[in-house]
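The values are calculated or read from the model by the stated rules, or taken from the named source; none is laboratory data. The structure presented is a predicted model; accordingly, all values stated were derived computationally and were not measured. As a convention, Cβ positions derive from the backbone with ideal geometry for all residues, glycine included, and neighbour counts pool all protein chains shown. Only protein heavy atoms, including side chains, enter the accessible area calculation; ligands, DNA and RNA are left aside. Shrake-Rupley method; radii C 1.70, N 1.55, O 1.52, S 1.80 Å.
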Amino acid sequence: MVNKGMKKQKRLVFFIALIAATGGLLFGFDTGVISGAIMFLRDDWGLMQHQVEWIIASLMIGAVIGAAFSGKLVDSIGRKYTIIIIAILFALGSLGSAFAPSFNFLALSRVVIGIAVGMASFTVPLYIAEISPARNRGALVSLNQLMITIGILLSYLSDLALVNVSDNWRWMFFVGLFPALVLLIGMLGLPKTPRFLMSKGREKEARETLAKYEDAAVIDEVMLKMKIDMDLLSSQKKSWKDIFNSWMIMPFIIGIGIMFFQQFIGINVFIYYGPMIFEMAGFQDNYIAIATAISIGFVNVFFTFVAMAYIDRIGRKKLYNIGLTGMIISLTLLGYFFYEHQMFEEHLKILVVVFTLSFVAFFAISLGPIAWLIISEIFPLKIRGLSMSIATLSHWLFNGIVSYTFLKISAFFTSEKMQIISKGEITVNPAGAFWFYAAIGVLGLIFGKYFLPETKGRTLEEIEEHWRKRKNPKDL
Ligand code: BGC
């Protein structure tokens, strides 16, 4: 009986998390779709280079705005209604992009989608973390990362499938409408999180929601701990001034730090510039370069699955160390192969593909899911939304800096001997950039040793108490 009940609870939580994680799928889809759409859009409208850059940058600008201004919204109207607003923005942005009559209209629609991406990137993990029982919170929140990777892969595949359709780029954007509708309709039926209800003093509803999926044995304990946290915080002044409490410094160092390393390890260089890097390695055919890039998408999805299976068993810290070490080695080797590209000749292609895929696999089992998971776990309830939005804002800024500077850093380190000839033209060599990211990865290992807490199996309330007592992250 008990077992059957638990199975049902498990399925229910999984289903709730899955619907909410459609927000992650949209994050992945809408960041990935542009890579294919932009080539056709450029030809169709005869866009200049700066217009192309502006269309790509518009999503990032929107994401920064979305992350910056929605933190308070999540704490005031709640997680559920914020996600509903996000779904509406995704739908409007997709329609706007698909039917855009002019360049400015399209850029604006991409800003709207960016706002939705920025909001979704922290609200979805937050929602899932708060409805998950501690024992499998890691796997459930990682469902969001899994959906991001599936979204990226779907966008590559749908771009490829639509290449020969007339008005192809409009259709590429239009496809994003469907997951937005699933998210909108699905969220209408989902509960508000018990933590949010408690933060509004709605204790009875919080207990009822908790009872739907949490083990009966721990409900009283979780309720009590949430209550203690609420009482502690209401005896202090509320709102965003709370983030200036000295015990809040540690969660911010951890949250912003992990986002720094997630982005500066260079993942999006491969996600956004994959085909171009393969071209530098000697692939001359566009179609093959894009098809090879799709393998990045598959490996990313597959290894995120692997992470989900292990994250609550072997813990965040071990995965972080294994993943980061693997990424540092892959980047160092990639740098070396590119540096000595003349010596490797034809073998360069296969070596670059193999170690790019190993890099992505190591990212997918570690920094990909762990960064979003950690920021959903370490901040105190009362200002969780606001704090997560700050960490997310840093993610989008770091993301923007890395993607904007990749080619510039590569050029900076390209000596005359290193220059690559691709399709008859001189191209920069990415070796220096890869070594730069590897060096940052080494700093990431040191950061992990001193600052990354092991949150496996801890309730969110235990984690909060740890900071409040000003304890060391190592001792959690
Ligand atoms: C990162 C994105 C990245 C994606 C790749 C996410 O966790 O935040 O920047 O593109 O993983 O899977």
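Give a residue-ordered list of calculated ³J(HN,Hα) values for region 309-322 (Karplus: 6.51 cos²θ - 1.76 cosθ + 1.60, θ = phi - 60°; whole Hz; x for Gly, Pro).
In residue order, the calculated couplings are 5, 10, 5, 8, 9, 8, x, 6, 5, 5, 4, 4, 5, 4 Hz.
Please give the FRET efficiency for Glu203 paired with Val52, using the beta carbon to beta carbon distance and R0 = 51 Å, rounded to the nearest 0.05.
Between Glu203 and Val52 the formula returns 0.45.
With axes computed from alpha carbons, what is the tilt in degrees of helix 137-161 against the longest principal axis of the chain, rounded to the nearest 10 within 0 to 90?
The two axes meet at around 30 degrees.
Suppose the chain between Trp45 and Phe105 were pulled fully straight at 0.36 nm per residue; how much longer would it get relative to their current alpha carbon spacing?
Numbers: separation 60, 0.36 × 60 = 21.60 nm, distance 1.33 nm.
20.3 nm is the gain from fully extending Trp45 to Phe105.
Quick one: angle between helix 216-234 and the longest Cα principal axis of the chain, in degrees between 0 and 90, rounded to 10, please.
90
Could you pull the accessible area for Tyr310 with a 1.4 Å probe, rounded to 10 Å²?
Its accessible surface works out to 90 Å², give or take rounding.
When the gyration tensor of the chain is built from Cα positions, what are the square roots of 5 times its three eigenvalues, in whole Å, from largest to smallest?
One finds semi-axes of 38, 26, 20 Å for the chain.
Of the listed peptides 364-372, 7-15, what is their order by residue-averaged count of other C-beta atoms within 10 Å, with the highest listed first?
364-372, 7-15
Using a simple charge model, +1 on the beta-carbon of Lys and Arg, -1 on the beta-carbon of Asp and Glu, nothing else, what dipole does region 1-138 show about its Cα centre, in debye to the nearest 20? If you can, show how the numbers build up before the last one.
On the way: 12 positive and 6 negative charges, 226 e Å.
Value, rounded to 20: 1080 debye.
For the chain, what is the accessible area per residue in Å² when the probe is 1.4 Å?
On the way: 19400 Å² over 476 residues.
I get 41 Å² per residue for the chain.
Mind listing the long-range amide H neighbours of Ser422? Cut-off is under 5 Å, sequence gap 5 or more, other chains count too, H placed in the peptide plane at 1.01 Å from N.
Amide H to amide H, under 5 Å and 5 or more residues apart or across chains, Ser422 pairs with Thr427.
At a probe radius of 1.4 Å, what is the per-residue accessible area of Asp475, in Å² to the nearest 10?
My reading of the accessible area for Asp475 is about 110 Å².
Starting at the first residue of region 351-367, write each ³J(HN,Hα) from the Karplus equation 6.51 cos²θ - 1.76 cosθ + 1.60 with θ = phi - 60°, in whole Hz, x for Gly and Pro.
So the J values, rounded to whole Hz, are 5, 5, 4, 4, 7, 5, 5, 5, 4, 5, 4, 5, 5, 5, 8, 10, 4.
Per-residue HN-Hα couplings for region 35-49, Karplus 6.51 cos²θ - 1.76 cosθ + 1.60 at θ = phi - 60°, whole Hz, x for Gly and Pro?
Karplus values, whole Hz, x for Gly and Pro: 4, x, 4, 4, 5, 6, 4, 4, 6, 4, 9, x, 6, 7, 3.
Please list, or write none, the aspartates and glutamates whose alpha carbon is within less than 13 Å of the alpha carbon of Lys317, excluding same-chain residues fewer than 8 places away.
The qualifying aspartates and glutamates are Glu454, Asp475.
Could you name the lysines in cross-link range of Lys349, using Cα to Cα under 25 Å and dropping any fewer than eight places away on the same chain?
Result set, ordered by chain and number: Lys408, Lys417, Lys423.
Lysines near Lys72 by alpha-carbon distance under 25 Å, same-chain residues fewer than 8 away left out - which ones?
Lys80, Lys192, Lys200, Lys204, Lys225, Lys227, Lys237, Lys238, Lys241, Lys382
Hey, what number do you get for the chain at 222 nm if only DSSP H runs of n ≥ 4 count, each worth -39500 (n - 2.57), divided across all residues, to the nearest 500?
-26000 deg cm²/dmol
Would you please put 411-420, 443-452, 457-466, 140-149 in order of how densely packed they are, using the mean number of other Cβ atoms within 10 angstrom per residue and starting with the highest?
So the order, starting with the most tightly packed, is 140-149, 457-466, 443-452, 411-420.
Rounded if a/c is under 1.5, else prolate if a/b is larger than b/c, else oblate: which is region 77-174, with a ≥ b ≥ c the root eigenvalues of its Cα gyration tensor?
Oblate, because a/c is 1.5 or more while a/b does not exceed b/c.
Leaving ligands, DNA and RNA out of it, work out the accessible area of Trp467 with a 1.4 Å probe and give it in Å² to the nearest 10.
Its accessible surface works out to 0 Å², give or take rounding.
Compare Tyr339, Tyr156 by solvent-accessible area with a 1.4 Å probe and give them largest first, with all protein chains kept in place.
Tyr339, Tyr156
To the nearest 10 degrees, how steep is helix 203-213 against the longest Cα principal axis of the chain, on a 0 to 90 scale?
60
What does the charge dipole of the chain about its Cα centre add up to, to the nearest 20 debye, if the Cβ of each Lys and Arg holds +1 and the Cβ of each Asp and Glu holds -1?
The dipole magnitude comes to about 1900 debye.
Suppose every Lys and Arg Cβ carries +1 and every Asp and Glu Cβ carries -1, with no other charges. What dipole size does region 303-396 come out with about its Cα centre, to the nearest 20 debye? Show your work: numbers first, answer last.
On the way: 7 positive and 5 negative charges, 120 e Å.
Its charge dipole is roughly 580 debye.
Tell me, what is the FRET efficiency for Ser422 and Ile88 to the nearest 0.05, using R0 = 41 angstrom and their Cβ-Cβ distance as r? Numbers along the way, then the final one.
On the way: r = 44 Å, r/R0 = 1.06.
About 0.40, to the nearest 0.05.
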